1. Being within 15 Å of the ligand (Cβ to nearest atom) and either in contact (Cβ under 8 Å) with a residue 12 or more places away in the chain or not charged (D, E, K, R) (or both) is true for just one of Asn13, Asn90, Asn65. Which residue is that?
2. Count, please, the residues in segment 131-142 that happen to be touching a helix residue (DSSP H, G or I) at 6+ places or on another chain (Cβ under 9 Å) and exposed (fewer than 15 other Cβ atoms within 10 Å of the Cβ).
3. Condition first: farther than 22 Å from Leu174 by Cβ and either within 10 Å of the ligand (Cβ to nearest atom) or touching a strand residue (DSSP E or B) at 6+ places or on another chain (Cβ under 7 Å) (or both). Now tell me which residues in segment 48-61 satisfy that.
4. Could you pull out the residue among Lys53, Lys34 that is on the phi < 0 side of the Ramachandran plot, touching an Asp or Glu at 6+ places or on another chain (Cβ under 6 Å) and at pLDDT 95 or above?
5. Can you spot a residue in segment 20-27 that is within 15 Å of the ligand (Cβ to nearest atom), not aromatic (Phe, Trp, Tyr) and not in a loop (DSSP other than H, G, I, E, B)?
6. Return the total of residues in segment 112-130 being near the ligand (Cβ under 8 Å from one of its atoms) and buried (at least 23 other Cβ atoms within 10 Å of the Cβ).
7. Name, by its number, the condition in (1) modelled with pLDDT under 95; (2) touching an Asp or Glu at 6+ places or on another chain (Cβ under 7 Å) that does not hold for Gly44.
8. Going by the conditions given, is Lys40 over 10 Å from the mean Cα position of the chain (by Cα), more than 21 Å from Leu184 (Cβ to Cβ), more than 10 Å from the ligand (Cβ to nearest atom) and in contact (Cβ under 8 Å) with a residue 24 or more places away in the chain?
Amino acid sequence: MKIIKLDAIDSTNSFLKELAQKSVLEDFTIVVTKAQRAGKGQMGNTWASEDGKNLTFSILKKLSNSKTKDQNYLNYAVCLALYEVFSALNVPKLSIKWPNDIMSANKKLCGVLIENSFQKNTIKQAIIGIGVNVNQTQYPQELAGATSIKNCINKTIDLNHLLEKTTHSLQKYLNLFEQESFSLLDQWYHDALYKKDMPTTFKDLNNTLFMGIIKGVSIHGKLQVQLEDDAIKEFGIKEISIA
Ligand code: BTN
């Protein structure tokens, strides 16, 4: 496993993607940085993180036989690996908020941005970007929904040690993905799913609020919500958010 350690970069995902285009990289090459100047989040959002206090890194996962239709399980594998690491640290009230936020109670601890490249019907490579809030204790108003490991367990965490634990867990779960242990991944992801089976307020594209109950996630990665008339409707990531 090759680790490239940087002091500062725009985005580890963008850096690793460009490097993989320009050169032949080993499977599981990791880029980690102390500071990210233009960190990318889900849906074109930015990822802000205080310099030197958090884990911001990306992993190149080369794939040979993984089918595009199964990409949802790659997301499950990554989330479950992170969940396992935080659980071993005794972070309380852990869950996975669809599609891939790791939560402690109602606050976000970690975000994931996976960028896949495809060839025909297969996934050729995945750039798995992970931002973990580790030792940062203050969050600006616009990140009021964020928390960190330190805020949750009252301990300062060694970032290198955490990176080692995380990559080890990712290797384990990515192996399960490559071995197509999809039903196990599916079961574990659903066991950890945030607000599953609980009445929840959602927001749709027009910012209209509505009530529903999360029943699960489809094999295509859509959130299945039971509405007030009992019908189950599926929503894509751009169509719904938990209010
Ligand atoms: C999200 O929750 O919106 C996803 C956040 C992903 C952030 C990580 S930090 C390391 C990697 N590089 C990026 O530019 N983004 C990901």
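1. Values: Asn90 fails: within 15 Å of the ligand (Cβ to nearest atom); Asn65 fails: within 15 Å of the ligand (Cβ to nearest atom).
Only one candidate qualifies: Asn13.
2. Residues that pass the stated criteria total 1.
3. Quick first cut of segment 48-61, residues farther than 22 Å from Leu174 by Cβ only: 48-54.
Within segment 48-61, Ala48, Ser49, Asp51, Gly52, Asn54 meet the criteria.
4. Lys34
5. Just the residues of segment 20-27 that are within 15 Å of the ligand (Cβ to nearest atom), to begin with: 20.
Still in the list and also not aromatic (Phe, Trp, Tyr): 20.
Add one more test, that the residue is not in a loop (DSSP other than H, G, I, E, B), and what stays is 20.
Yes, the conditions are met somewhere in segment 20-27.
6. Of segment 112-130, the ones near the ligand (Cβ under 8 Å from one of its atoms) are 112-113, 129-130.
With buried (at least 23 other Cβ atoms within 10 Å of the Cβ) added as a condition, the list becomes 129-130.
Adding up the residues that qualify gives 2.
7. Answer for Gly44: the failing condition is (2).
8. Details: over 10 Å from the mean Cα position of the chain (by Cα): yes; more than 21 Å from Leu184 (Cβ to Cβ): yes; more than 10 Å from the ligand (Cβ to nearest atom): no; in contact (Cβ under 8 Å) with a residue 24 or more places away in the chain: yes.
Criteria not met by Lys40.
The values are calculated or read from the model by the stated rules, or taken from the named source; none is laboratory data. Since we're looking at a predicted model, the values are computed, not measured. Cβ: placed from backbone, ideal geometry, glycine included. Neighbour counts: every protein chain shown.
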